[in-house]
1. What is the distance, in nm, between label points placed 7 Å from the Cα along the Cα-to-Cβ direction at Gln3 and at Ser68?
2. Considering only protein heavy atoms and a 1.4 Å probe, what is the carbon-and-sulfur percentage of the accessible area of the chain?
3. Mind pulling the per residue volume of the convex hull built on the Cα atoms of the range 53-110? Å³ is fine.
4. How big is the accessible area of Phe65 in square angstrom, nearest 10, if you roll a 1.4 angstrom probe over the protein chains?
5. Can you tell me which aspartates and glutamates have their Cα less than 17 Å from the Cα of Lys82? Leave out same-chain residues fewer than eight positions away.
6. Can you list the lysines whose alpha carbon sits under 25 Å from that of Lys73, skipping same-chain ones fewer than 8 residues off?
7. With +1 assigned to the C-beta of every Lys and Arg and -1 to the C-beta of every Asp and Glu, and no other charges, what is the dipole magnitude of the chain about the Cα centre in debye, to the nearest 20?
8. Where is the GNM fluctuation largest for the chain (alpha-carbon springs, 10 angstrom cutoff): Glu43, Glu86, Glu107?
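The values are calculated or read from the model by the stated rules, or taken from the named source; none is laboratory data. Computed from a predicted model, the values in this text were never measured in an experiment. Cβ: placed from backbone, ideal geometry, glycine included. Neighbour counts: every protein chain shown. In case anyone asks, the SASA skips ligands and DNA or RNA and just uses the protein heavy atoms, side chains included. Shrake-Rupley method; radii C 1.70, N 1.55, O 1.52, S 1.80 Å.
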Amino acid sequence: QVQLVESGGGLVEAGGSLGLSCTASTRVNAMAWFRQAPGKEREFVAVISGNGRVTHYADFVKGRFTISRDSAKDASTLRLNKVNPEDTAVYYCAASDRPVLSSKSSEYNYWGQGTQVTVSS
């Protein structure tokens, strides 16, 4: 089975930054990040194409986050800058064996276990 493992979550002060990483156990195509805050639905954050050339972000990102790809390692990195308390959530890595570039969670075949990001005031 394809496994995705996230890392990099933790506690960060408002206005700070951190990086989240996701590594796939096997070759995957599109890789995306979603997040879920307490009491809220899981929401799309960003996606990157299999070759790393195309990216798309949720509107709330507003230029603060950057998704990147290391195809040689089948890995994705989400860099969060200028974080605020509303960014507190469990962040999930997702991947597809198809070039979906979708904001819908149902389009992704594989999911990581999630990594907690907590932003303090």
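1. The answer from the label model is 2.6 nm.
2. In the chain, the share of accessible area belonging to carbon and sulfur is 44 percent.
3. That works out to 105 Å³ per residue.
4. Counting only protein heavy atoms, Phe65 exposes about 10 Å² to solvent.
5. Within reach: Glu13, Asp59.
6. The reachable lysines, counting only those whose Cα sits under 25 Å from Lys73, are Lys104.
7. Magnitude of the dipole: close to 240 debye.
8. Glu86
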